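Scroll down for the structure; my scribbles are underneath it.
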Amino acid sequence: MAELLPDLIDEIVSSDEMLQNSNIANTIASTDVESLALLLESIPLESRIQSWHQIPNSKKLAVLVEMRGDPRATLIDSTATEEWESIFQDVDAEQLLEISDTLPNHLVDLALSAMDKQQHQFFKDASQFKDSQIGHWLNHDVLVLPINAKVRDGLRLLRREVPEVTDTIFIVNRAGQFSAAVQLNKLFKSPEHIPLVDLAEEYIETVKAEQDAVLAAREVQTSGYMSLPAVDENNKLLGRVDIITACELVNEDYERQVMSSAGMSENEDLFSSVRLSARKRAIWLGINLVTAFLASWFIGLFEATLQEVVALAVLMPVVASMGGIAGSQTLTLIVRGLALGQVTNSNRKALLEKELKVGVLNGFIWAAVVGGIAYFWFNSSLLGVVISIAILLNIIMAAITGVLLPVVLSKLKIDPALSGSVILTTVTDIVGFVTFLGLGSLLLL
C-alpha cells in the first residue's frame, strides 16, 4: 500500500466530490491502519475529515493510535459523540494510553467504562508512571509460571494462544517476584518432568518500571531477546517490554530530536492552522532574534574599526560560519552520546580532551587555508594573520562549547537537542566576531 499512497493522496486532494466517489471510499475502507494514519496526516483538513468519515468505526481506534498527536486531535474534535461508543467497543489499556493525552476527559471515562476489569487495572497501573518512564508502556500479555513448574506445565501453557513477539516464559516465586526466564525452544527438546528452573537462562536483564523509557527500550534492542521482564522496586513482575514497543519508542525519540533541533514538536501537524503553526514556531524565532541582536551588539562595539577596514566586514561571515559548523558537529556527537547513555561523568574529561585536539588540528589547518586566501585576496599579510588567529580560537571554543553545553543543559533538565544549537551559534558568533574585530583593531589600525 505504501507505494500507492502518493496516488491516493493526489486522487483525494484533486477530487471535488470525494464523498460521492465510490472508488476512493472503497479504497479508504480497505486500506491498512498504518497507511490510513499516514494518509490522513498527509492531506488538508477538509479532505482529512471527509476521509475520516469514510473509515469504518471498527478501524478508527487503531488509526488514531498510529497517528501523531496534533492531526489526531483534529479528527477527535470532528467525531460525533454518538460514534465513540462504537469506536471504543474493543478498546484496551495500551490503545487508550497511546491516545489519552489528546482525548477530553469525558471520552477517557467512556473508554474506561468499555474496558473489562483487567484492562481497566492495567490502565490505572500504567497511569501511575510518567510517559517518559517505561512503566507507562508495558505489555501485560505475558507467559508466566510459578517457580515449581515443570516442562509439561510450560508445554500446556503454549497450547493456548501465545502472545506476539514472545520467546520466553517468565518464572515467578510465590510473592510474584521475577526469578528466571526460560526460552520456549528449550521446552520442545526436554523431558516433561524436568523443572523449568533447570532450563532457565543464566542471566537476563530486568527493566525497572521507573527507568527512562528510551534507555529501557535500547536495552531491549541489544538484549538478544524479544522482550525483557519489567519489575517494580520490590522485583515484582509487572509485565514486559517487547521489541516492537522498544523500536517504536526509539524511533519516536529520534524523530523528537530531529524536530526539536528546529524548535518544533514531533506531533506537529503538516496541515495545522496557520495561526497555530505560527505561534509554535514564533517562540524559537524570537529566541533566535534575541541572540542575533546580542551578536550584532558586539559587532557594533567595533563600528569604527569596520568603517576603517572594509575587508573585516567582508570576512566576518567566514569566521562565524567556521566556528558554527565545527561546534554543531561536536554538539551533535555529544547529544547523541547523552541520548544513548554513552556520555558520563567518568568519560567527559577524556571526551573534552579528544574534541579539543580535533579542534586544534582542524583550527590550524583551516586557519592556514583561510589566512592564505585572505592574504592573496586583499594583499595584506596582517589581515591573513588576524583571520587565522580568529578562526583557530573560534574552532577551539566551538569544541569546548559543543562538549560542555549539552551536558549543562541536561543537568538543568533542558533538552539540548532543542536549545543547544541556538546557544552554540550565539557563542561562536560572539567569540568569532570579538576575536576577529578585536585583533583587527589592534593590528590593522
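In the list LYS59, LYS124, which residue meets the criterion of being of a type in the set (Lys, Arg), out of contact with any Phe, Trp or Tyr (no Cβ under 7 Å at 6 or more places or on another chain), surrounded by 15 or more Cβ atoms within 10 Å (Cβ to Cβ) and in the same structural domain as PRO6 (by TED's automatic domain parsing)?
On inspection, the qualifying residue turns out to be LYS59.
Give me the residue from region 358-388 that is farther than 20 Å from VAL310 by Cβ and β-branched (Val, Ile, Thr) and, out of that set, nearest to the chain's Cα centre (by Cα).
Checked region 358-388; the qualifying residue nearest to the chain's Cα centre (by Cα) is VAL358.
Please specify each residue of region 405-437 satisfying the condition of being without any contact (Cβ under 8 Å) to a residue 40 or more places away in the chain and either over 21 Å from the mean Cα position of the chain (by Cα) or not in a helix (DSSP H, G or I) (or both).
The answer is LEU412, LYS413, ILE414.
Please verify whether SER381 is among the polar types (S, T, N, Q), assigned by TED's automatic domain parsing to the domain that holds THR425 and modelled with pLDDT under 90, treating the condition exactly as stated.
Answer is yes for this residue.
Just to check your reading of the model, which residue among GLY440, GLY402, GLY371 is among the small types (Gly, Ala, Ser), in a helix (DSSP H, G or I), within 18 Å of ALA326 (Cβ to Cβ) and in contact (Cβ under 8 Å) with a residue 24 or more places away in the chain?
Among GLY440, GLY402, GLY371, only GLY402 is among the small types (Gly, Ala, Ser), in a helix (DSSP H, G or I), within 18 Å of ALA326 (Cβ to Cβ) and in contact (Cβ under 8 Å) with a residue 24 or more places away in the chain.
Quick check, is SER410 of a type in the set (Gly, Ala, Ser), out of contact with any Gly (no Cβ under 8 Å at 6 or more places or on another chain) and surrounded by fewer than 22 Cβ atoms within 10 Å (Cβ to Cβ)?
Working: of a type in the set (Gly, Ala, Ser): yes; out of contact with any Gly (no Cβ under 8 Å at 6 or more places or on another chain): yes; surrounded by fewer than 22 Cβ atoms within 10 Å (Cβ to Cβ): yes.
Yes.
Which of the residues spanning region 330-351 are assigned to a loop (DSSP other than H, G, I, E, B) and touching a residue at least 60 places away in the same chain (Cβ under 8 Å)?
Passing the criteria: LEU340, GLY341, VAL343.
Applying the selection to region 214-237, what residues are farther than 25 Å from ILE147 by Cα and buried (at least 24 other Cβ atoms within 10 Å of the Cβ)?
Of everything in region 214-237, those that are farther than 25 Å from ILE147 by Cα and buried (at least 24 other Cβ atoms within 10 Å of the Cβ) turn out to be ALA216, ALA217.
Do we have VAL369 as outside the structural domain of GLU219 (by TED's automatic domain parsing) and surrounded by 17 or more Cβ atoms within 10 Å (Cβ to Cβ) here?
Values: outside the structural domain of GLU219 (by TED's automatic domain parsing): yes; surrounded by 17 or more Cβ atoms within 10 Å (Cβ to Cβ): no.
So VAL369 does not fit the description; no.
Residue by residue, here is whether (1) among the β-branched types (Val, Ile, Thr); (2) at pLDDT below 90; (3) closer than 28 Å to ILE134 by Cβ holds:
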{"site": "GLU3", "(1), (2), (3)": "no, yes, no"}
{"site": "ILE28", "(1), (2), (3)": "yes, yes, no"}
{"site": "LEU38", "(1), (2), (3)": "no, yes, yes"}
{"site": "SER42", "(1), (2), (3)": "no, yes, no"}
{"site": "ARG68", "(1), (2), (3)": "no, yes, yes"}
{"site": "THR79", "(1), (2), (3)": "yes, no, no"}
{"site": "VAL91", "(1), (2), (3)": "yes, no, yes"}
{"site": "GLN95", "(1), (2), (3)": "no, no, yes"}
{"site": "VAL108", "(1), (2), (3)": "yes, no, yes"}
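Determine whether THR79 is buried (at least 20 other Cβ atoms within 10 Å of the Cβ), of a type in the set (Val, Ile, Thr), without any contact (Cβ under 8 Å) to a residue 40 or more places away in the chain and in contact with a helix residue (DSSP H, G or I) (Cβ under 9 Å, 6 or more places away or on another chain).
No: the conditions fail for THR79.
Please indicate, with yes or no, whether at least one residue in region 326-349 is farther than 23 Å from ASP253 by Cβ and exposed (fewer than 12 other Cβ atoms within 10 Å of the Cβ).
Scanning region 326-349 turns up at least one residue that is farther than 23 Å from ASP253 by Cβ and exposed (fewer than 12 other Cβ atoms within 10 Å of the Cβ).
Given the structure, is ASN185 surrounded by fewer than 17 Cβ atoms within 10 Å (Cβ to Cβ), outside the structural domain of SER100 (by TED's automatic domain parsing) and in contact with a strand residue (DSSP E or B) (Cβ under 9 Å, 6 or more places away or on another chain)?
The answer is no for ASN185.
Could you please give the count of residues in region 163-182 that are of a type in the set (A, V, I, L, M, F, W, C) and surrounded by fewer than 13 Cβ atoms within 10 Å (Cβ to Cβ)?
Within region 163-182, residues that are of a type in the set (A, V, I, L, M, F, W, C) and surrounded by fewer than 13 Cβ atoms within 10 Å (Cβ to Cβ) number 1.
Scanning region 196-207 for residues that are free of Cβ contacts under 8 Å to residues at least 60 places away in the same chain and touching a helix residue (DSSP H, G or I) at 6+ places or on another chain (Cβ under 8 Å), which turns out surrounded by the fewest Cβ atoms within 10 Å (Cβ to Cβ)? Give the steps one after another, and end with the answer.
The first filter runs over region 196-207 and keeps only residues free of Cβ contacts under 8 Å to residues at least 60 places away in the same chain, leaving 196-206.
Now restrict to residues that are touching a helix residue (DSSP H, G or I) at 6+ places or on another chain (Cβ under 8 Å): 196, 199, 204-205.
On the way: LEU196: 25, LEU199: 19, ILE204: 18, GLU205: 14.
Result: GLU205.
Got a number for residues in region 413-433 being surrounded by fewer than 22 Cβ atoms within 10 Å (Cβ to Cβ) and of a type outside the set (Val, Ile, Thr)?
Looking only at that region, the number is 4.
Which of the residues spanning region 73-89 are under 22 Å from GLN119 (Cβ atoms) and in a helix (DSSP H, G or I)?
Matches in region 73-89: ILE76, GLU83, TRP84, GLU85, SER86, ILE87.
The values are calculated or read from the model by the stated rules, or taken from the named source; none is laboratory data. This one's a predicted model, so the numbers in the text were calculated from it and none came from an experiment. Cβ: placed from backbone, ideal geometry, glycine included. Neighbour counts: every protein chain shown.
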